[in-house]
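Take a look at the structure set out below.
The values are calculated or read from the model by the stated rules, or taken from the named source; none is laboratory data. If you're wondering where the values come from, they're calculated on a predicted model, not measured in any experiment. In this analysis, Cβ positions are derived from the backbone assuming ideal geometry, glycine residues included, and neighbour counts consider all displayed protein chains.
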Amino acid sequence: MVFPPISDVLNALDLDTIPNERKELLRPLAQAIKAKQEANQAILLNFICTHNSRRSVFAQVWAQAIAAHLDIPNVHSYSGGTEVTAIYPSILSTLQQQGFQSSVINEGPNPHSSISYSPEVPPVIGFSKRWDDAFNPQVSFIAVMTCSEADKGCPYLPKAEKRFAIPYEDPKVFDGGANEEEAYKSRSLQIATEIMFVFSNLNP
């Protein structure tokens, strides 16, 4: 069970708004996850973007919440980058507006945040890190590249079992502008909608 405001957001998503070309990118990821599910194996998802500060964090948090919302067990989502920076504040404020509860648990140039989506399970611990950080799975994980720069910058992920590229436009281009809040909300909902599509394709 996820917090009711998150459930409301997820129930309002319209999968028909996903363009067919995006669905074609997403289906192989769904098939890989379903294979792990059918083999009763842990589903380890590592969402990777250059700075691990925006899109990969959205994807990590939504994947964990949507798995809980759909009652899909054994899903463990992570995120990483090709370099370490910090989670951009608008990521956390956007998630809060969409029903998540977050708080900073470790201050500094790269703060660690607790991001809760359910009263029943531990929160996601969000912070910027490299994709191969010890905090992330070291074997048998599925790598999901959420930006084209990271896809090019990581030509080989030796620890990944499978790898898929589903790049998103970077909301960073709107930072500091009048449309920043709306841009982050839109990107968050796009990512949530597409991850919902992926997990909705696991059932027969």
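For the range 31-45, indicate whether the set of residues that are part of a helix (DSSP H, G or I), closer than 17 Å to residue 98 by Cβ and modelled with pLDDT of 95 or more is non-empty.
So in the range 31-45, the residues part of a helix (DSSP H, G or I) come out as 31-38.
With closer than 17 Å to residue 98 by Cβ added as a condition, the list becomes none.
Checked against the condition, which is being part of a helix (DSSP H, G or I), closer than 17 Å to residue 98 by Cβ and modelled with pLDDT of 95 or more, the range 31-45 yields no hits at all.
Could we say that residue 80 is closer than 23 Å to residue 141 by Cα and either surrounded by 15 or more Cβ atoms within 10 Å (Cβ to Cβ) or of a type in the set (A, V, I, L, M) (or both) here? Explain how you work it out, then say what you get.
Values: closer than 23 Å to residue 141 by Cα: yes; either surrounded by 15 or more Cβ atoms within 10 Å (Cβ to Cβ) or of a type in the set (A, V, I, L, M) (or both): yes.
Here the answer is yes, as residue 80 does meet what is asked.
May I ask you to list the residues in the range 95-109 that are over 17 Å from residue 191 (Cα atoms) and in contact with a helix residue (DSSP H, G or I) (Cβ under 8 Å, 6 or more places away or on another chain)? Show your work before the answer.
Taking the range 95-109 first, the residues over 17 Å from residue 191 (Cα atoms) are 101-109.
Scanning the range 95-109 gives a single hit, 102.
Of everything in the range 1-45 that's farther than 24 Å from residue 123 by Cα and among the polar types (S, T, N, Q), which residue is surrounded by the fewest Cβ atoms within 10 Å (Cβ to Cβ)? Among those that are farther than 24 Å from residue 123 by Cα and among the polar types (S, T, N, Q), it is 20. Within the range 46-60, if we keep just the residues that are assigned to a helix (DSSP H, G or I) and touching a helix residue (DSSP H, G or I) at 6+ places or on another chain (Cβ under 6 Å), the residue that is surrounded by the most Cβ atoms within 10 Å (Cβ to Cβ) turns out to be 57. Residue-level check: of (1) under 30 Å from residue 19 (Cβ atoms); (2) at pLDDT 95 or above; (3) buried (at least 16 other Cβ atoms within 10 Å of the Cβ), residue 97 misses just (3). Any residue in the range 130-157 that is surrounded by fewer than 15 Cβ atoms within 10 Å (Cβ to Cβ) and modelled with pLDDT of 90 or more sitting within a Cβ distance under 8 Å of a residue that is in a strand (DSSP E or B) and not aliphatic (A, V, I, L, M)? List the pairs, counting only those 6 or more apart or interchain. Matching pairs, first to second residue: 135/78; 139/161; 140/161.
Go through the range 95-117 and report how many residues are out of contact with any Gly (no Cβ under 6 Å at 6 or more places or on another chain), under 14 Å from residue 60 (Cα atoms) and in contact (Cβ under 8 Å) with a residue 40 or more places away in the chain. Show your work before the answer.
Just the residues of the range 95-117 that are out of contact with any Gly (no Cβ under 6 Å at 6 or more places or on another chain), to begin with: 95-112, 114, 116-117.
With the extra rule that they be under 14 Å from residue 60 (Cα atoms), the set shrinks to 95, 100, 114, 116-117.
After this cut, where a residue has to be in contact (Cβ under 8 Å) with a residue 40 or more places away in the chain as well, the list is 95, 100, 116-117.
Residues that pass the stated criteria total 4.
Being in contact (Cβ under 8 Å) with a residue 12 or more places away in the chain, charged (D, E, K, R) and either buried (at least 16 other Cβ atoms within 10 Å of the Cβ) or over 23 Å from residue 32 (Cα atoms) (or both) narrows it down to one of 120, 182, so name that one.
On the way: 182 fails: in contact (Cβ under 8 Å) with a residue 12 or more places away in the chain.
Exactly one of 120, 182 is in contact (Cβ under 8 Å) with a residue 12 or more places away in the chain, charged (D, E, K, R) and either buried (at least 16 other Cβ atoms within 10 Å of the Cβ) or over 23 Å from residue 32 (Cα atoms) (or both), namely 120.
Reported count of residues in the range 82-94, each being in contact with a helix residue (DSSP H, G or I) (Cβ under 7 Å, 6 or more places away or on another chain) and either at pLDDT 95 or above or part of a helix (DSSP H, G or I) (or both), is 4.
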